[in-house]
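Structure first, commentary second.
The values are calculated or read from the model by the stated rules, or taken from the named source; none is laboratory data. As the structure is a computational prediction, the values presented were derived from the model and not from experiment. Note: ideal-geometry Cβ built from the backbone for every residue, glycine included; neighbour counts use all protein chains shown. Quick note on the areas: whole protein, heavy atoms, side chains included, nothing else; ligands and nucleic acids left out. Shrake-Rupley method; radii C 1.70, N 1.55, O 1.52, S 1.80 Å.
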Amino acid sequence: MTDAAIADALHQLVIANRILAREGVIDDFGHVSVRHPQDPGRYFLSRSRSPEIVVREDIIEFTLQGEPIDQNGRPMYRERALHGAVYMARPDVNAVTHHHARSVLPFALTGRPLRPAFHMASVIGHDVPVWDSQAEFGDTDMLIETMPQGHSMAKAMGGERCVLIRGHGATCCGASLREAVFVSIYLKENAELVLNTLPLGEPAYLTAGEIDQTRAMLLSDMPQTRAWDYRAARAGFRGL
């Protein structure tokens, strides 16, 4: 790895912020991080700022405990613990998103499982686990801002790519920024599809075999590049 690899990771992180904002996954709150390409014990995350306007100068390097390497007076997101905890628990993960997409919240409130109902959503896995901070931490401000809270959420996520958070939102992850963004978008879109289908009847969800085969295909290089290029262009980044 070279400094060029770090520069590219930071550039891609800016694009990821803009894509998630453009696609309505992240609003004025929420955030996305990427693991340091040279040091797996660190990650990059923007300063506390709405993702739609994040620029390269906003990005701060952190330890997995959420300590900034060079804060330089910039305000920081309070929920850094959830990023570090996922990176600690999952060496296979190189990017983490946290969002409050409204369509996923009913599934974190009712006990109805969120399962893939169309092929693009196979990437969310067979069943999306739900984490409830109340069970372990009681009444809080609902933010995941301590390492014990982050570790508890990461434990609930297990080996999956998504976890829903009761009364809050969701955390998604991937082996790359492209994958984490892809998963986050289709978690939201699948939830919307299921909610639109339920008034008409019970959805015919994908089978276990359909999920496994379609997920493997969608997470391969060609679909990931095609989807990233499309979303990046929609967010104002062309030819990247």
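Key figures for this structure:
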quantity	calculated
ASP3, sole failed condition from (1) surrounded by fewer than 14 Cβ atoms within 10 Å (Cβ to Cβ); (2) touching a residue at least 12 places away in the same chain (Cβ under 8 Å); (3) of a type in the set (D, E, K, R)	(2)
Odd one out for ASP58, checked against (1) open to solvent by less than 40 Å² (accessible area, probe 1.4 Å); (2) of a type outside the set (Lys, Arg); (3) over 14 Å from the mean Cα position of the chain (by Cα); (4) closer than 30 Å to THR197 by Cβ	(4)
In the range 93-128, residue surrounded by the fewest Cβ atoms within 10 Å (Cβ to Cβ) [restricted to those that are within 30 Å of SER48 (Cβ to Cβ) and among the hydroxyl-bearing types (Ser, Thr, Tyr)]	SER103
Residues within the range 23-48 that are buried (at least 17 other Cβ atoms within 10 Å of the Cβ), under 17 Å from ALA235 (Cβ atoms) and over 12 Å from the mean Cα position of the chain (by Cα), tallied	2
Contacts under 6 angstrom Cβ, first residue in the range 109-133 being over 27 Å from PRO223 (Cα atoms), partner outside any loop (DSSP other than H, G, I, E, B) and open to solvent by less than 70 Å² (accessible area, probe 1.4 Å), 6 or more apart	VAL130/ALA108; VAL130/LEU164; TRP131/MET153; TRP131/ALA156; TRP131/VAL163; TRP131/ILE165
Subset of the range 189-209 (residues that are under 23 Å from the mean Cα position of the chain (by Cα) and of a type in the set (Asp, Glu))	GLU189, GLU192
Pair list, Cβ < 7 Å and 6+ apart or interchain, from the range 218-240 residues that are among the basic types (Lys, Arg) to residues that are modelled with pLDDT of 95 or more and not in a helix (DSSP H, G or I)	ARG231/GLU23
Positions within the range 31-53 being in contact (Cβ under 8 Å) with a residue 60 or more places away in the chain and in a loop (DSSP other than H, G, I, E, B), in sequence order	none
Any chance TYR186 is open to solvent by 10 Å² or more (accessible area, probe 1.4 Å) and free of Cβ contacts under 8 Å to residues at least 60 places away in the same chain	no
Set GLU179, GLU192: member being acidic (Asp, Glu) and buried (at least 21 other Cβ atoms within 10 Å of the Cβ)	GLU179
Only listed residue being within 20 Å of SER103 (Cβ to Cβ), surrounded by fewer than 17 Cβ atoms within 10 Å (Cβ to Cβ) and either free of Cβ contacts under 8 Å to residues at least 12 places away in the same chain or touching a strand residue (DSSP E or B) at 6+ places or on another chain (Cβ under 6 Å) (or both), chosen from GLY209, GLY201	GLY201
